[in-house]
Each structure stands twice: as structure tokens, then as C-alpha cells.
Amino acid sequence: DDIVMGYEVSKGKYVAFDKAELEELKPASTRSIDVTDFVQLDEIDPIYFDGAYLVAPVDATKPYALLVRAMEESNRVGIARFVMRSKEHVAVLRPLDGALVMSMMVYADELAKRDQFTEFDGLADVEVSDKELTMAESLIDALSEPFLPEQYHDTYRSRVMELIEGSTQIQEIVLG
């Protein structure tokens, strides 16, 4: 009864939501994948992949700076293991702008194998004409743009923020 969903707009002041308000803002679930752009893979910095974290030094600034610099100079990344919430994880550590970024990885045995899905059966036997391939490549060329990460937004979060900014129902809640 004492649990409230809300957003802190200033110290101790919250906009509270009921579950129905947030449910209305959720994006509709579909069974389709909409392709809007095509970009070169090397234009996408892995920091935009899910699970990238900045790794800061704790009382070891010189070894940290040395490791970052050596990794930058050698153009290498590190594979790391760590435990979080009672589970061992594997990640890539890489230098970025003088700091280390850790990108979460999955283990090879966690990846689904193509042969597990019958939907891929027969793909190699599908006939594609040169005209069809030229048309598809033309469409991809027409939709190709440079990757600009700032043009992609979480529409659900944007709508929640609009709800917060438009709310006149700011409440003071004492925590603890």
C-alpha cells in the first residue's frame, strides 16, 4: 500500500503515476521489425550497444591511466570476467576518450544457433534474380545515411517526461 510509482522533479518532490497512466504510454507490441536506415557497421561505436558502462579508477589512477594509454597505443581491447548479482559475466574493456568502457557480452553457449530454427531451412535454395538484387541494393542505397545516434530516441521515455513536465500534481514524499 505504501509503494508509489513516481519521478523526482526536485529534492523530496515527486510526480506520482498510477499503473494505468504508464500503461497508456507504452509502445504497441508488434510482430514486425521496421528498418528505417542502413549504416556502415564501423560507423556505430559499440558504446551504443546495450550494456556499456564507464569503468572508473578507485585509488589507482596511475595504473589505470597506464592501462588506458597502453591499450590505446596497442589498439587492443581486453576481455574481462566479473561477478555481479551472483552471476559471472564476461565483457570487453576498451579505451574511449582517456577512460575505459566495459561492454557486456554473452557467452557463446548463450547464443542461439541458426540450425535450431526451421525458418532458415531452404534459404540457400531461394532464387534471386539480378534485377531483384539491383532493386534491393538501390533501396538500401536510397535509405543509407551516416549514423547519428542523437536522432534515435526512446519514445516511451519521452512521453513519460512530457507527462512529468505537464503535471501539476507534484507531491512531497518523505522517504525512509
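The values are calculated or read from the model by the stated rules, or taken from the named source; none is laboratory data. Keep in mind the model is a prediction, meaning the values are calculated, not measured. Positions of Cβ are generated from backbone atoms using ideal geometry, with glycine treated the same way; all protein chains shown enter the neighbour counts. Only protein heavy atoms, including side chains, enter the accessible area calculation; ligands, DNA and RNA are left aside. Shrake-Rupley method; radii C 1.70, N 1.55, O 1.52, S 1.80 Å.
List of remarks:
- Accessible carbon and sulfur surface of the chain relative to its total accessible area, %, 1.4 Å: 55 percent
- Taking trypsin sites (Lys or Arg not before Pro) as exposed when DSSP calls them loop and at most 13 other C-beta atoms lie within 10 angstrom, the chain has its longest site-free stretch at 114-176.
- For Lys113, net neighbour charge (Lys/Arg +1, Asp/Glu -1) across residues whose Cβ lies under 15 Å away: -4
- Surface per residue (accessible, 1.4 Å probe) for the chain, Å²: 85 Å²
- Taking a ≥ b ≥ c as the square roots of the eigenvalues of the Cα gyration tensor, region 1-40 is oblate, since a/c reaches 1.5 or more and a/b is not larger than b/c.
- Label zone at Glu73 (point 7 Å along Cα-to-Cβ), backbone N below 18 Å, region 87-120: 94-100
- Per residue, the convex hull around the alpha carbon atoms of region 1-74 comes to 240 Å³.
- Loop-located chymotrypsin sites (Phe, Trp or Tyr not before Pro) in region 126-176, at most 14 other Cβ atoms within 10 Å (DSSP): Tyr152
- Across region 1-160, Cα-Cα pairs farther apart than 20 Å form 75% of the total.
- Contour excess over end-to-end distance, with Cα ends at Glu110 and Lys26 and 0.36 nm allotted per residue: 27.4 nm
- P(r) tail for region 112-165: Cα pairs beyond 17 Å make up 70% of the total.
- Here region 66-176 is described by how far its Cα atoms reach on the three principal axes: 67, 47, 34 Å, from widest to narrowest.
- Summing charges over all other residues whose Cβ lies under 11 Å from the Cβ of Glu43, with Lys and Arg as +1 and Asp and Glu as -1, gives -4.
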